Amino acid sequence: MRAVQAIIARDLRLAFRAGGGAPQAVAFFAVIGVLFALAVGPDLSLISKIAAPVIWTGALLATQISLDQIYRADREDGSLDVIIATSDELMVTAAAKAVAHWLSTGLPLIIATPVLAILLNLDRDAYVPLLLSLLIGTPGLSLIGSFAAALAVALPRASLLISIIVSPLYIPILIFGAGAAAAGAAGDPQYGANLSLLGAATLFAAAFAPIASAAALRSNQD
Amino acid sequence: MERADSDTAARRWSARFCARGVGVSRGGVRIVNDISLDLDPGDVVILTGPNGSGKTTLLRALAGLLRPDEGAISVNGAENGLKSVIYCGPQNAAKTALTVDENLRFWAALYGAPGGRVAEARAAFNLDPYADRFAGALSTGLFRRLGLSRLIIAQKPVWLVDEPTASLDAASSALFLSHVAAHRRQGGATIIATHDALDIASARRLRLSEEAAA
């Protein structure tokens, strides 16, 4: 337990220090929102209609750019060897790495979302459903992403490959997440169903990603 | 390196490390062939051989970080005794964006070491003046000393050390050798892969040949 806490604390510290990537992910998220706003132009009703899907897509892309770092840096400096050698259960360690990634990327994105939402003229009623859907869905993004990062840890410059691996796996989370945000804003009865399915997707990722990550890390040792 | 007080030091372990007919491949190429090693408590084996002869590959396999194609590795008779092994590779496993103490504390947490071990390990490699310095701001030799201080933090019976003295000055090399001597007195076993002529009393030498890799 002490080791798991230490891994999470260390990854968070590294993520927010120079070159750590956590602030960059938030900045990238903001840039996506601004670019969309500029591309759509001055049509306020159109932009408020697409605000939630744009934010969801932005969160998904901003998560992707930081996935490569989850295991690569540790492998390059040899600390992955130490982490693997000292792990009683590698899947628990893999889960800790995913938790650290969510705390350093997913949570800051959620915190930045209200600001971006103002820029995109999101309807007042849509804030809570959007934030709730992000809160339930982004842990799934980190979990699935950490699995892809473990899979590609031995390959140089794998960040594009990781994006290609995770994109199809992210589709259910994107559909139910954006769906829940839209349904919640419109007072649609599908809101609850979408949130439940989104939660199911994240729970499924929580069950499978740490086991798969551990297996991927082990096979990449050889 | 043996000192007069060596007999008074308490024996903490009786580490028997045993490898039988170990063969290892990397990327489909056989690198290490049929290596057998027996270490009794206090034994030191120095692994030599030209570049590409498989020293690192063998050490990683002995540490349980690579799966050998064949052969068996055991510590005190237990095949899964690899938790009692520490491997110190050519990279130092330290984060440049963390300070010396932050790195040491992280390792202490991973190895389940008491917090006081951090100061002990720092002092063991004369890193006290650098406790709050970022590891990225250390020189190559100091960074290596930080990497080696993991041996003191972990307190494992079997040390597998890869090129420990490659970037160390003479005083630091002697410091490392004194820790190896202390480890022997405590009944630990040590395998060192090196190109340097290390002066270790009654160490056995195992020379890996190039042909295995060719």
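Quick note: the coordinates plus some simple rules give every number you see, no bench work behind them. What you see is a predicted model; the values in this text were computed from it and never measured. Cβ placement follows ideal geometry from the backbone for every residue including glycine, while neighbour counts extend to all protein chains displayed.
Brief remarks follow.
- Residues of the stretch B:106-143 satisfying the condition of being surrounded by 18 or more Cβ atoms within 10 Å (Cβ to Cβ), free of Cβ contacts under 8 Å to residues at least 40 places away in the same chain and at the interface with chain A (Cβ under 8 Å from one of its Cβ atoms): B:F106, B:A109, B:L110
- Test: residue in the stretch A:93-105 that is within 14 Å of chain B (Cβ to nearest Cβ), in contact with a Phe, Trp or Tyr (Cβ under 9 Å, 6 or more places away or on another chain) and assigned to a helix (DSSP H, G or I): yes
- Looking only at residues of the stretch B:38-78 that are within 14 Å of another protein chain (Cβ to nearest Cβ) and among the hydroxyl-bearing types (S, T, Y), we find that the one that is surrounded by the most Cβ atoms within 10 Å (Cβ to Cβ) is B:T57.
- Checklist (1) crowded, with 22+ Cβ neighbours inside 10 Å; (2) polar (S, T, N, Q); (3) facing chain A (nearest Cβ under 8 Å) applied to B:N103, failing item: (3)
- A:V26 falls short of the stated requirement of being under 23 Å from the mean Cα position of the chain (by Cα) and free of Cβ contacts under 8 Å to residues at least 24 places away in the same chain.
- Scanning the stretch A:29-43 for residues that are in contact (Cβ under 8 Å) with a residue 12 or more places away in the chain and among the β-branched types (V, I, T) returns A:I32, A:V34.
- Out of A:A22, A:A59, sole residue that is among the small types (G, A, S) and within 14 Å of chain B (Cβ to nearest Cβ): A:A22
- Evaluated against (1) out of contact with any Lys or Arg (no Cβ under 9 Å at 6 or more places or on another chain); (2) among the β-branched types (V, I, T); (3) crowded, with 22+ Cβ neighbours inside 10 Å, B:I153 falls short on exactly one condition, (1).
- Test: residue in the stretch A:17-29 that is over 26 Å from B:E102 (Cβ atoms) and in a helix (DSSP H, G or I): yes
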